[in-house]
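**Student:** Sending over a structure as structure tokens; questions will come in a sec.
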Amino acid sequence: MDKLTIQKELLKMFGPDRLLSDELDLMYYSYDSSFLTKLESTSPYAVVFPKSTEDVQQILRFAWANHVNVIPRGAGTGETGGCVAVEGGIVLDLSQWNQIVDIDQKNMQVVVRPGVIHAELNNELAKYNLFFPPDPGSSLMCTIGGMVANNASGLRAVKYGTTEQYVLGLEVVVPNGDVMITGGMKSRAIKNVSGLNLTKLMVGSEGVLGVITKIRLRCFPKPRARGIALAVFDNLDDAPATVLDVYQAGILPSGIEILDGSAIKAVNEFKPHIQLPDAEAILLFEVDGNPPSVEFEGNVIREMAGKRARSVEWSTDPQRMAKLWEGRSVTAAAASRVRPDGSRIFAGEDISVPLSRVADVLRAIRELGRKYGIQVVNYGHIGDGNVHTAPVINPENPEEVEKVLQLVDEIHLLAIEMEGTTTGEHGVGAVRRRYAPLEHGLAHEYMLKTKQAFDPKGIMNPGKLI
Ligand SMILES: Cc1cc2nc3c(=O)[nH]c(=O)nc-3n(C[C@H](O)[C@H](O)[C@H](O)COP(=O)(O)OP(=O)(O)OC[C@H]3O[C@@H](n4cnc5c(N)ncnc54)[C@H](O)[C@@H]3O)c2cc1C
């Protein structure tokens, strides 16, 4: 079916207020936050704003019957081109379908529609002394639907895990328009081992198996206290060794972040008033819980870090904690300012490796940066080995673009070689798809068979994930 006919049919179904078909509007949907979509942007045929499960069903039945691609989209903050119609099709913009359906305080769970913004959900849950622990850096923008589809997480993953640990059940419209409820049709149970775990299958499926239209999430009690420690190291290897010392002392912080020398320099150039100490690495530990346990854990961290660090500071004072954390909170922005004509690109940006390989990986990335003559700023969630690499280039310079693509290719391969993964957070999308056979072997074949079972016509978000 051609683009114009698709637009006309959708207009009949949804009217002009819930449909975009103007070329300029469509162009906006040819991007997410990835470098890939800045290099090659593809506009969808149309954008629809569904507001009910029936709306989604109607679109999928139409698409199924006419072999038209469908691409779910939340806020478009993804870093992999996942919500972009790289092979054409209809984009479903779910960001306006943003109701919190039920905060079920007595059962420690919440039911939401896909377009709810992460930070807004936690603001509401806080009124009930609850929280949904995964905490992506894009919290103020990204949707819960996008987080579930990408199995998103953040710096608290080291203690609280990723989104998948909190998804109790889903409503999903599968490609032929059927509505499937996972985790038990009527269940409000927190534990459930009945049947194949289709909830887990859908989490992280990046929109290739269906459209997530309702989400039942587990919530945790909101911790009552926090503390932050900042430790400064003259030797890079001492940073991961200290993380291990802290674990072996029986402490699991809620966050452990690293800034290596490149990130420290970038922060100090961007915001000189922060004055991070010149060092090979800085570690930031966040601890949460009840006040006495936070104090206790803080003391252990101080003792453990003190064995190797040049200096350690610990605080539970909100103002001082904000100050200690300030360097980490501006690192991503600082990376973009390390050269006046450059900007930080999102490519090869979130590999994850075993803790024992973090220092080797950081050194290897520095070496790759030198090889290609590209500045790379390194930071990340060292507690779970998730390294954020930020190459800085002039994107208008084709030679630099060519070089950086080779650099990030080597970073992805390095991650696999170091017993890690090409992506610890941001997903595969259109960007990392080609590494899937190498990373997963035979399991990749079974992923393809699973896709075939759900979507034999291949209409759901083609060109992504597998
Ligand atoms: C500044 C910044 C910081 C970030 N920090 C983090 C971080 O710390 N941790 C992290 O994990 N990620 C991070 N990200 C990446 C991104 O924000 C997350 O992956 C987020 O979960 C994407 O949500 P979204 O609503 O923007 O989804 P989109 O980008 O719109 O979509 C992402 C994928 O999900 C699919 N999808 C969206 N909604 C649905 C649905 N309802 N049903 C089925 N499929 C759907 C899309 O098809 C696409 O494949 C960051 C991004 C930015 C720009």
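**Student:** Using DSSP to define loop residues, name the chymotrypsin sites (Phe, Trp or Tyr not before Pro) in segment 263-370 whose beta-carbon has at most 14 other beta-carbon atoms within 10 Å.
**Tutor:** Here no loop site has a sparse enough neighbourhood.
**Student:** Separate question: Multiplying the sequence separation of Met13 and Glu417 by 0.36 nm and subtracting their Cα-Cα distance, what value in nm do you get?
**Tutor:** Fully extending the segment from Met13 to Glu417 adds 140.4 nm.
**Student:** Then there's this: Could you run the Debye sum over the Cα atoms of segment 100-221, one equal point scatterer each and no solvent, and tell me log10 of I(q)/I(0) at q = 0.09, 0.14, 0.15, 0.22 Å⁻¹, two decimals?
**Tutor:** -0.21, -0.53, -0.61, -1.37
**Student:** Please report the base-10 log of the normalised intensity I(q)/I(0) for the chain, using a Debye sum with one equal scatterer per alpha carbon and no solvent, at each q in 0.08 (1/Å).
**Tutor:** Relative scattering, expressed as log10 I(q)/I(0), comes to -0.49.
**Student:** Can I ask one more? Among Val179, Val377, Val404, what is the fewest-to-most ranking by other Cβ atoms within 10 Å?
**Tutor:** Fewest-to-most Cβ neighbours within 10 Å comes out as Val179, Val404, Val377.
**Student:** Among DSSP bridges having both ends in the chain, what percentage is antiparallel? Round to the nearest 5.
**Tutor:** 90
**Student:** Write down Rg/Rh for segment 3-95, rounded to two decimals, with Rg from the C-alpha atoms and Rh from the Kirkwood relation over Cα pairs.
**Tutor:** Working: Rg = 12.4 Å, Rh = 13.1 Å.
With Rh from the inverse mean 1/r over Cα pairs, Rg/Rh is 0.95.
**Student:** Could you please rank Arg61, Arg113, Arg337, placing first whichever residue has the fewest other Cβ atoms within 10 Å of its Cβ? Walk me through the numbers before you get to the answer.
**Tutor:** Details: Arg61 15, Arg113 24, Arg337 18.
In order of increasing Cβ crowding within 10 Å: Arg61, Arg337, Arg113.
**Student:** For a test of the definition: using alpha carbon positions, the gyration tensor, and the 1.5 limit on a/c, classify segment 332-432 as rounded, prolate or oblate.
**Tutor:** Verdict is prolate for segment 332-432.
**Student:** Follow-up. What list do you get for Ser336, Ser52 if you sort them by fewest beta carbons within 10 Å? Walk me through the numbers before you get to the answer.
**Tutor:** Details: Ser336 16, Ser52 11.
So the residues, fewest neighbours to most, are Ser52, Ser336.
**Student:** Considering only C-alpha atoms, what is the centroid distance from segment 328-365 to segment 239-258, in Å?
**Tutor:** Their Cα centres are 20 Å away from one another.
**Student:** Using Cα-Cα distances under 8 Å and only pairs 6 or more residues apart, what relative contact order does segment 100-221 have, in percent?
**Tutor:** Relative contact order, segment 100-221: 33 percent.
**Student:** Let me ask something additional. Taking the simple approach of a point 7 Å from Cα along Cα-to-Cβ for both Arg61 and Asn197, what is their distance in nm?
**Tutor:** Each label point lies 7 Å from its Cα, and together they span 3.4 nm.
**Student:** Further question: Just need the relative contact order of the chain here, percent rounded to a whole number, with Cα pairs under 8 Å and 6+ apart. Spell out each step's value before the answer.
**Tutor:** Details: 999 pairs, mean separation 71.9, N = 466.
Relative contact order, the chain: 15 percent.
FYI, it's all coordinate maths here, none of it is from the lab. Given the structure is predicted, the values throughout are model-derived calculations rather than measurements. Counting neighbours? That spans all protein chains shown, and the Cβs are built from the backbone with ideal geometry, glycine included.
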